[in-house]
Amino acid sequence: MKRQLASSLAVVFSTLAVWSCNQSDPAPKGDYVSGVFVSNLGNFLQNNGGVSYFARENNTATADVFAAANGTALKGGVQDYTASEQQGIILVDNSVAGQDKVQFVERYTFKDEGTIGAPDIENPREVVIVGRKAYVSCWGTNPDYKYSTGYIAVIDLTTKKVTKKIDIAKGPENLVYNAGKLFVGTTTYTDGNILTVINTNTDAVTQSIPMEGVVTPIGVDANGKVWVNAGIKALRVNPESLVTEATLAIGTDATKVPESFTMSNDMKTIYFVLTAYDANFNPFGKTYKFNITDSQIDLNKPFISRYFTGLTIDPTQGLLYAAVTPSSTQAGYAVRYRGDGNVVDSIKVGISPNGFFFQ
C-alpha cells in the first residue's frame, strides 16, 4: 500500500512538475510595474523627501509613490532606492538623530513591508544588492561631524535583519560591486583617500588602497575594469590585481569636484558633472563625458553646459536622465537627453532629485 501510494504521488508530482515548467511566469501586478523611480532628498530640515514615479511614455509623475500607496510619508530624505526580485529598498535619512531607516516595500505596489532603524542604520548613503544580501553604506551616528563611526551594514533580505557591520572610517558612500568584491568610496566631506575592497563571500575587508584624493568608485567597464574617481583624476583599476592601469586628469583645479558619475549602456562611455561653488556656496558646473579608451579628458568641450544633481542612463531606451534642483524648497525635474546631448523633455518630480532607478 505504501509503495502504491508513493508511486501514485510520484506520478502526481511529476505531472505537476511538467505542467509547472510549461507555464509562463505570471506578469507582476501593481501600479508600478514598468517605469522610472526618482529619489528625492527633499529639504533636510523638513524631512520631506520621497520617491517619484512615472511611466517612460509619460511626462507627468506621481510625486510620492510611498505616500500614495501607504497613506503616510517616509519622514526623511531619500538617499537611494533600488530593488531586487519582489523587494524594494529605500534609504531614509532623517534630520533627527535615531530616526534614520531602511524602508522595505513591495516592488510593484510600493506597499510597506517593514523597516530597519537605529542603532543598526544611522545616516544611510547608498545600497547595493548582491544575491539575498544588501550592503548599505552608513556614516554612523557622526555626532562630531568627523565621520569616524562609518560602516557597511550587511542585511539579510530574507529576514530583513542586519547580520554584520563592517567598519569603514571617513564616511563610506559610493558602492560598486564586481565579481565577489564590493568597492567602497568615501564622502567628499572628508579626506578619506582610501579605496576599500570587501569580499562579499566573507563580508570582510581584504584591501585598503591609498589614493590621491577622496575616492568614488564609478563602475565596471566593457572590458571588466573598475573605474574610480580619486580627487581630480579618473583611474582604471584591474579588479584582480587592484593595480591602477591608467590615470586620466580631470582638469587641474582641485576646487572643482567631479561627481554624479554614470556609464553608458555599452559600458564604454563615462559621464560626470564637474561642480564648483560660488561665494554663497551655491553649486554650478557643466556635464562632460569621456571614452574608456581615451588618454585624456577634454574639459574644453562639455557634453551639456549645465549642472545636475544626478545622472543615470536608462538601460531600456539609452536616454540620459539628469536631475535638476532649482532649490531645496520647490519641486525638481528629471530631464531626458538623447545620446547627442539634445533634450527630449522634462518631468516635474520631488524636491532635490538625486538619482534614478529603472524597471
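The values are calculated or read from the model by the stated rules, or taken from the named source; none is laboratory data. Not measured: the values here are computed from a predicted model. Heads up, the Cβs are rebuilt from the backbone with ideal geometry, glycines too, and the neighbour counts pull from every protein chain shown. Protein only, heavy atoms only, side chains kept; ligands, DNA and RNA dropped before computing areas. Shrake-Rupley method; radii C 1.70, N 1.55, O 1.52, S 1.80 Å.
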statement: Binned at 20 Å from zero, the C-alpha pair distances of the chain give percents of 28, 57, 12, 3, 0
- prompt: For the chain, what is the relative contact order in percent, using Cα pairs closer than 8 Å and at least 6 residues apart in sequence?
  reply: 12 percent
field: Helix-derived mean residue ellipticity, 222 nm - over the chain, DSSP H n ≥ 4, -39500 (n - 2.57), to 500
entry: -2500 deg cm²/dmol
statement: With label points set 7 Å from each Cα along the Cα-to-Cβ direction at Lys268 and Ser327, the distance between them in nm comes to 4.5 nm
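Take the Cα gyration tensor of region 283-359, multiply each eigenvalue by 5, square-root it, and list the three semi-axes largest first, rounded to whole angstrom.
Rounded to whole Å, the semi-axes are 23, 16, 10.
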field: Gap separating the Cα centres of region 36-109 and region 259-288, nearest whole Å
entry: 24 Å
- prompt: Please state the Cα pair-distance histogram of region 56-154 with 10 angstrom bins from zero: what percent is in each bin?
  reply: 15, 46, 29, 9, 1
Apportionment of accessible area to carbon and sulfur, region 139-256, percent (1.4 Å): 49 percent
- prompt: Volume per residue, Å³, of the convex hull around the alpha-carbon atoms of region 226-359?
  reply: 123 Å³
- prompt: Relative to the first principal axis of the alpha-carbon coordinates of the chain, what is the inclination of helix 2-21, with its axis defined by its Cα atoms, in degrees from 0 to 90 and to the nearest 10?
  reply: 40 degrees
field: Amide H contacts of Arg306 (H built 1.01 Å from N, under 5 Å, at least 5 apart or other chain)
entry: Thr287
- request: Grab the beta carbon distance between Lys164 and Thr247, set R0 = 35 Å, and tell me the FRET efficiency rounded to 0.05.
  value: 0.55
message: How large is the convex hull of the C-alpha atoms of region 268-319 per residue, in Å³?
response: 86 Å³
query: How long is region 158-314 along each principal axis, judged by its Cα atoms, biggest number first, in Å?
result: 46, 37, 31
query: Quick one: if the Förster radius is 25 Å, what FRET efficiency do Tyr189 and Gln99 give, using the C-beta to C-beta distance and rounding to 0.05?
result: 0.75
- request: Run a plain Debye calculation on region 97-180 (Cα atoms as equal point scatterers, no solvent) and give log10 I(q)/I(0) at q = 0.17 Å⁻¹, rounded to two decimals, same order as the q list.
  value: -0.68
message: Assuming 0.36 nm per residue, please report the length gained on full extension of the stretch Gln207 to Asn58 beyond their Cα-Cα distance.
response: 49.1 nm
task: Express the C-alpha Rg of region 105-148 as a ratio against the empirical globular expectation 2.2 N^0.38 Å, rounded to two decimals.
output: 1.42
task: Please list the non-local residues whose amide H lies under 5 Å from the amide H of Thr275, H modeled 1.01 Å from N, same-chain partners needing a gap of 5 or more.
output: Val257, Glu259
Phi-based couplings in Hz for region 41-53 (Karplus 6.51, -1.76, 1.60; Gly and Pro marked x): 5, x, 8, 4, 6, 9, 6, 10, x, x, 10, 8, 8
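What are the equivalent ellipsoid semi-axes of region 254-293, built from the alpha-carbon gyration tensor (square roots of five times its eigenvalues), in whole angstrom, biggest first?
25, 8, 6
Arrange the peptides 103-113, 50-60 so that the one whose residues have, on average, the most other Cβ atoms within 10 Å appears first.
103-113, 50-60
Give the calculated FRET efficiency between Ser84 and Glu240 to the nearest 0.05, with a Förster radius of 30 Å applied to their Cβ-Cβ distance.
Values: r = 26 Å, r/R0 = 0.87.
E(calc), rounded to 0.05, equals 0.70.
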message: If I take the Cα coordinates of region 27-87 and project them onto the principal axes, what are the three extents in Å, biggest first?
response: 40, 26, 21
- line: Projected onto the charge dipole of the chain (unit charges on the beta-carbon of Lys, Arg, Asp and Glu, signs +1, +1, -1, -1), the Cα from Leu182, Asn342, Gly114 with the largest positive-side position is that of Gly114
query: Quick one: accessible area per residue over the chain, 1.4 Å probe, rounded to a whole number of Å²?
result: 48 Å²
